[in-house]
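Notes to accompany the following structure.
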């Protein structure tokens, strides 16, 4: 495998949608709207980072990062997700490479931090932790986690872009 992680290009859009749809098709936590979320973020200019994993000119993975608001204030924090890997390439560390590359790019943008809603056992490897001072939907959850990239921890309720309501 000759893997390249890079920013999406216009020619990648259909493949990103196909990989995302297939990756979430049977996932128990899926809303079935993940590809539409990415499209909505892109259309609104709110897709801060859209990274693809490419193997021999084939898109096999994607990770999205978009701005979030905390307590209705934009504080230079971002949300990670959706992240998708083609079915035949799952479990090979490609998601980790995409996430690490995205977090490094957020650091270079001087982002304050990043949040994710997901399995703590997976996301702790990147430094994400649950923080009861930072909530989603008004309630603390061990599945809602944050990673401080620059500055102090944030506190309050997090709101994602309206594209997540797709």
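The values are calculated or read from the model by the stated rules, or taken from the named source; none is laboratory data. Since the model is a prediction, treat every value here as computed from it, not as a measurement. Backbone-built Cβ (ideal geometry, glycine too); neighbour counts: all protein chains shown.
Rundown of residues vs (1) under 24 Å from residue 133 (Cβ atoms); (2) within 15 Å of the chain's Cα centre (by Cα), yes/no style:
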residue: 32; (1), (2): no, no
residue: 36; (1), (2): no, yes
residue: 43; (1), (2): no, no
residue: 49; (1), (2): no, yes
residue: 63; (1), (2): no, yes
residue: 66; (1), (2): yes, yes
residue: 82; (1), (2): no, yes
residue: 90; (1), (2): no, no
**Fill in**
Those residues of the stretch 4-30 which are part of a loop (DSSP other than H, G, I, E, B) and more than 21 Å from residue 90 (Cβ to Cβ) amount to 9
**Prompt:** Mind checking whether some residue in the stretch 104-126 is more than 14 Å from the chain's Cα centre (by Cα), under 13 Å from residue 80 (Cβ atoms) and crowded, with 19+ Cβ neighbours inside 10 Å?
**Reply:** yes
**Request:** Give the stretch 31-71 a look and list any residue that's in a loop (DSSP other than H, G, I, E, B), touching a helix residue (DSSP H, G or I) at 6+ places or on another chain (Cβ under 9 Å) and surrounded by fewer than 14 Cβ atoms within 10 Å (Cβ to Cβ), or say none.
**Result:** 31, 32, 44
**Message:** Looking only at the stretch 81-95, count every residue that is touching a residue at least 24 places away in the same chain (Cβ under 8 Å) and in contact with a helix residue (DSSP H, G or I) (Cβ under 7 Å, 6 or more places away or on another chain) and tell me the total.
**Reply:** 5
**Request:** Keeping to the stretch 156-166, report how many residues are in contact (Cβ under 8 Å) with a residue 60 or more places away in the chain and outside any loop (DSSP other than H, G, I, E, B).
**Result:** 7
**Asked** Identify, please: which residue in the stretch 72-83 is over 14 Å from residue 47 (Cβ atoms) and assigned to a strand (DSSP E or B) and is, among those, modelled with the highest pLDDT?
**Response** 77
**Message:** Going by what's in this entry, would residue 142 be described as more than 25 Å from residue 25 (Cβ to Cβ), in contact with a helix residue (DSSP H, G or I) (Cβ under 7 Å, 6 or more places away or on another chain) and exposed (fewer than 15 other Cβ atoms within 10 Å of the Cβ)?
**Reply:** yes
